[in-house]
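Colleague: Have a look at this one before I ask anything.
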Amino acid sequence: MDFGVVLQTNPPASRTVQLSTLAEAHGFSHVWTFDSHLLWEEPYVIHSAILNATKRITVGPFVTNPATRDWTVTASVFATLNEMYGNRTICGIGRGDSAVRVTNGKPVTMRELRESIHVIRELGNSRAVEYKGATLQFPWSRGSELDVWVAAYGPLALKLTGEVGDGFILQLADVDIAAWMIKVVRDAAEAAGRDPDSIAFCVAAPMYIGDDWEHMRDQCRWFGGMVGNHVADIVSKYGTDGDVPQALTDYIAGRTGYDYNSHGKSDNDHVDFVPDEIVDRFCLLGTAEDHIAKLEQLRAIGVTQFAGYLQHDNKEETMRVYGETVIPALSDHITAKS
């Protein structure tokens, strides 16, 4: 199993770079950053600084979208970073959430997402692609390698992920829900004639090492609110009696709204509707042993990477314990995708 960290690009940017170098020192393989250009600093500029300050870590957005960024520009960013620092980039992409909603925009359609994945991946791998009636290729790009991992929750997005994604990003660590979603993706891949084992499965959630459960829950309750945005969209489309697990839909009954200015912040003041049970199920909290036990369960259902959000007050200590205890404990179970 691989391990990543998920960071917000809050100023100063040097702090994001510092945390990234610590992540590499503690054995993490990936550094991911939020991508909402109005809420936080521009991630791709900071990605260049992270890559310059590290030697092996892979860097990418968690996640970008096809609505606020031109697809060819996105591909050019990755191909350029790969030329500068070696093939150490990865593209996480979804339909669009905070980056589009703060401008009163809407997530892209499934068709647009599918097309954008193809365009970004082909150009990002130094290949030619048909786009808007033209054949495009970066004449300066040679040997660039770029995987595109798709963030999804709903049935149609999960199906698309299985059909075209190099990886699947699931932003919650509930074992039962993850098992259902991974199965949907794998089934879609098989139906499309793809090898399901060729797909990486990344589960992402806040990780907090500690023993004060009340404090840890309060620091990570924001995550249930963030996930609730996506769940609300699913419920509005499919209702609560469809294929989506009830455990994923029940808790948003008390949700009354969401302020994106507090998106992803531990002091988010409008997530009281998220109960302790959901925080515990969606996140990784507790001692190193607690984390290892849940990660073993996630590995058993096919998860190949865990990416831990660090939007809390215990960043360095959590990474230290992961580097010294948690990551080595999972190293005996390296899979083909690790």
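Each reported figure results from applying straightforward, stated rules to the coordinates on display, with no laboratory input. Note that the structure is predicted; figures quoted are calculated from it, not measured. Note that each Cβ is placed from the backbone with ideal geometry, even for glycine, and that neighbours are counted across all protein chains shown.
Colleague: What are the extents of the Cα atoms of region 1-135 along their three principal axes, in Å, largest first?
Modeller: Sorted from largest, the Cα extents of region 1-135 read 45, 34, 27 Å.
Colleague: Cross-link list K183/K294; K159/K294; K294/K315: which exceed 22 angstrom alpha carbon to alpha carbon? Walk me through the intermediate numbers first.
Modeller: Details: K183/K294 19 Å; K159/K294 26 Å; K294/K315 20 Å.
The pairs that break the limit, which is 22 Å between Cα atoms, are K159/K294.
Colleague: Still on this structure, please answer the following. Rounded to the nearest 5, what % of DSSP beta bridges with both residues in region 89-205 are antiparallel? Display every interim value, and only then the final one.
Modeller: Numbers: 3 of 13 bridges.
Percent antiparallel among DSSP bridges in region 89-205 is about 25.
Colleague: Tell me which trypsin sites (Lys or Arg not before Pro) from region 106-173 have a DSSP coil assignment and no more than 13 other beta carbons within 10 Å of their own. Write down the numbers at each step before the final one.
Modeller: Working: sites: R111, R114, R121, R127, K132, R142, K159; in loops: R127, K132, R142.
Sparse-neighbourhood loop trypsin sites (Lys or Arg not before Pro): R127, K132, R142.
Colleague: Compute log10 of I(q)/I(0) for region 59-99 with the Debye formula, placing one identical point scatterer on every Cα and leaving out solvent, at q = 0.32 Å⁻¹, to two decimals.
Modeller: The Debye formula, applied to the Cα set alone, gives -1.12.
Colleague: At a Förster radius of 45 Å, what calculated FRET efficiency corresponds to the Cβ-Cβ distance of E145 and D272, to the nearest 0.05?
Modeller: On the way: r = 45 Å, r/R0 = 0.99.
Step by step, r from the Cβ atoms, then E = 0.50.
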